[in-house]
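As structure tokens, the structure follows; a few thoughts come after it.
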Amino acid sequence: MPAFVERNAILNPFNIRQELSLSQERLSNLLRVSVKTVSRWEKEARQPTDPDQLLRLAKLKEIASLGRMVYTAEGLKEFLSTPLPIFGGRSGFDLMQLGDYEPVMAALAADFEGTGF
């Protein structure tokens with residue numbers, strides 16, 4: 001994973017959570033923070049300051065953006081929730097929970113290009 005996240009990039013946790021149809025609890029698990037922290041970010045219109053959290057949030061934003069080009073909101077939620085053979089029987093959410101974003105982005109890119117499974 002790249003160690004650089006553009007400082008001026010706007011990573012709004014609430015918007016990303018909505019785009020991915022996530023609960024605050026699910027987002028907190030993906031970012032490895034408490035639900036209270038996610039709630040505070042959303043109430044105060046802030047983003048994480050920790051570089052690792054920013055990087056994970058940036059990856060989620062990238063997945064949300066690419067996913068919305070490929071699927072409807074409901075279709076993206078189903079894609080991320082369904083265990084798939086290309087993910088070794090895991091779901092996209094499972095992989096993201098482990099910090100393994102690349103296979104999810106690759107599958108979305110393949111679907112976007114029409115070469116997916």
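Every read-out reported here was derived from the displayed coordinates using simple, explicitly stated rules and does not represent laboratory data. Source: prediction; values computed, not measured. Note that we place each Cβ from the backbone using ideal geometry, even for glycine, and neighbour counts take in every protein chain shown.
Got a sec? Charge dipole of the chain, +1 on Cβ for Lys and Arg, -1 for Asp and Glu; which of 99, 69, 82 is way out at the positive end?
The listed residue farthest towards the positive side: 99.
Mind giving me the FRET efficiency for residue 43 and residue 109? R0 is 22 Å, r the Cβ-Cβ distance, nearest 0.05 is fine.
0.05
When the dipole is taken about the Cα centre of the chain, and only Lys, Arg (+1) and Asp, Glu (-1) are charged at their Cβ, what size is it in debye, to the nearest 20?
The dipole magnitude comes to about 460 debye.
Going through the DSSP H helices of the chain, which span 20 Å or more along their own axis at the Cα atoms while scoring at least 1.0 as a mean Kyte-Doolittle hydropathy?
none
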